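> First, the structure itself, so that you have it in front of you.
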Amino acid sequence: MEERNWKAYVNGDILPAKDAKISVFDRAVEYGDGVFEGIRCYDGKIFKLDEHLRRLFDSARATHIDIPLSYEDMKQAIKDTTRANGFREAHIKPIVSRGVGWRLGLDPTNLDKPNVIIQVRPIAKSMYEGAAGGLRLAVVSVRKVPAYCIDPRIKSVNYIVNILARAEAQASGADDAIMLDSQGLVSESSGANIFLVRRDALYTAPVHFGLEGITRETVLTLGKENGIPTNESPLTIYDVYTADEVFVSGSGAGVVPVIEVDKKPINEGKPGRVTNQIIKLYEEAVKTGEPVF
């Protein structure tokens, strides 16, 4: 389906993409002032919809944005917009901006009511198209914004730090970045959580180091349920370089093996046994989503 036939939700209406518009004075446009979620639909079923919606409403509360829809109305709008597009394999992005501010300045009370947008795109298995065999990551100089500035559990539309991290990684020939925090500890990639495997056990950074990923939590649960030891602990680049296996997880990414970090091969440049086990478990888990059609 060509992009011009896509449909999007804007403040109660499901419209052709070319007609789905908000004001150029919207705070999300001017200041990146809004929150969002990234949700996956697998074979016509939306995976972990309630978990994503709870995080969206939590992000809005933490940033003092009043979503003008109830939880149930937002849930229905997401299903209706997905159904209107007809995509069985889709990435769904609800966005809530603070609204339009007509007077110049940062005053968060200077606005109309928040704008609600829902985008739906067709997607293949992962947003990392062409990297089915594994990702090549690079440690970059762009640091994750520390939790004492903004809590990483807030999923804000302001992604300039992540974009700059990805750009630096790509300039070095890698697919994506490994971002460190202000203390030099591993945070996340530009758009996914990072997992290490060492002696058949899973390791990932605590949530205050990066986004509290819903796919991250799914991976930890799958590990525990299937006898794989799981650990949430601070990680350094030494831990990454010496890991037996590395993979990333995220709603847009799925679970994707990492075969190289800073041009050094991981597991001889091949996806590892535990990574492949987690991928298979995840592919079964996503079949349990909420039906749309």
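> For region 267-293, how many residues meet the condition of being in contact with a strand residue (DSSP E or B) (Cβ under 7 Å, 6 or more places away or on another chain), hydrophobic (A, V, I, L, M, F, W, C) and either without any contact (Cβ under 8 Å) to a residue 60 or more places away in the chain or assigned to a helix (DSSP H, G or I) (or both)?
The number of residues fulfilling the criteria is 4.
> Right, another one. Could you list, in sequence order, the residues of region 38-55 that are assigned to a helix (DSSP H, G or I) and out of contact with any strand residue (DSSP E or B) (no Cβ under 6 Å at 6 or more places or on another chain)?
ASP50, GLU51, LEU53, ARG54, ARG55
> Would you mention how many residues in region 105-134 are touching a Phe, Trp or Tyr at 6+ places or on another chain (Cβ under 9 Å), assigned to a loop (DSSP other than H, G, I, E, B) and crowded, with 17+ Cβ neighbours inside 10 Å?
Residues meeting the conditions: 3.
To keep it simple, each residue is scored yes or no on (1) in contact with a His (Cβ under 9 Å, 6 or more places away or on another chain); (2) modelled with pLDDT of 95 or more.
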residue: CYS41; (1), (2): yes, yes
residue: LEU56; (1), (2): no, yes
residue: ALA60; (1), (2): no, yes
residue: GLU72; (1), (2): no, yes
residue: ALA77; (1), (2): no, yes
residue: ARG83; (1), (2): no, yes
residue: ALA90; (1), (2): no, yes
residue: TRP102; (1), (2): no, no
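> Take the residues of region 182-211 that are within 18 Å of the chain's Cα centre (by Cα), of a type outside the set (Gly, Ala, Ser) and at pLDDT below 95: which is nearest to ARG153 (Cα to Cα)?
Among residues in region 182-211 that are within 18 Å of the chain's Cα centre (by Cα), of a type outside the set (Gly, Ala, Ser) and at pLDDT below 95, the one nearest to ARG153 (Cα to Cα) is LEU211.
> Considering every residue within region 217-234, establish whether at least one is within 21 Å of LYS155 (Cα to Cα), among the hydrophobic types (A, V, I, L, M, F, W, C) and either surrounded by 24 or more Cβ atoms within 10 Å (Cβ to Cβ) or in contact (Cβ under 8 Å) with a residue 24 or more places away in the chain (or both).
Yes, because at least one residue in region 217-234 is within 21 Å of LYS155 (Cα to Cα), among the hydrophobic types (A, V, I, L, M, F, W, C) and either surrounded by 24 or more Cβ atoms within 10 Å (Cβ to Cβ) or in contact (Cβ under 8 Å) with a residue 24 or more places away in the chain (or both).
> From the list ILE78, ILE95, ILE22, ILE65, which one is assigned to a strand (DSSP E or B) and either among the aliphatic types (A, V, I, L, M) or without any contact (Cβ under 8 Å) to a residue 24 or more places away in the chain (or both)?
Among ILE78, ILE95, ILE22, ILE65, only ILE95 is assigned to a strand (DSSP E or B) and either among the aliphatic types (A, V, I, L, M) or without any contact (Cβ under 8 Å) to a residue 24 or more places away in the chain (or both).
> Mind listing whichever residues of region 198-218 are assigned to a helix (DSSP H, G or I) and over 17 Å from ILE150 (Cα atoms)?
Across region 198-218, the qualifying residues are ILE214, THR215, ARG216, GLU217, THR218.
> For region 139-195, which positions are in contact (Cβ under 8 Å) with a residue 60 or more places away in the chain and assigned to a helix (DSSP H, G or I)?
Within region 139-195, ILE160 is the sole residue that qualifies.
Residue-wise test of (1) more than 25 Å from ALA285 (Cα to Cα); (2) surrounded by 16 or more Cβ atoms within 10 Å (Cβ to Cβ); (3) of a type in the set (Ser, Thr, Tyr).
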position: VAL145; (1), (2), (3): yes, yes, no
position: ALA171; (1), (2), (3): yes, no, no
position: LEU185; (1), (2), (3): yes, yes, no
position: GLU188; (1), (2), (3): no, yes, no
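> Do we find a residue being of a type in the set (Gly, Ala, Ser), modelled with pLDDT under 95 and closer than 25 Å to GLU37 by Cα anywhere in region 219-232?
No, region 219-232 has no match at all.
> Could you tell me whether any residue of region 37-51 is on the phi < 0 side of the Ramachandran plot and among the small types (Gly, Ala, Ser)?
yes
> Right, here's the next one. Residue by residue through region 251-267, note down the ones that are over 16 Å from ARG199 (Cα atoms) and either among the acidic types (Asp, Glu) or crowded, with 17+ Cβ neighbours inside 10 Å (or both).
Within region 251-267, SER251, GLY252, ALA253, GLY254, VAL255, VAL256, PRO257, VAL258, ILE259, GLU260, VAL261, ASP262 qualify.
> Please enumerate the residues belonging to region 135-149 that are in contact with a Ser or Thr (Cβ under 7 Å, 6 or more places away or on another chain) and not small (Gly, Ala, Ser).
Within region 135-149, LEU137, ARG143, LYS144, PRO146 qualify.
The values are calculated or read from the model by the stated rules, or taken from the named source; none is laboratory data. Keep in mind that what you see is a predicted model, and the values were worked out from it rather than measured. Cβ coordinates were reconstructed from backbone atoms using ideal geometry, including for glycine residues, and neighbour counts include every protein chain displayed.
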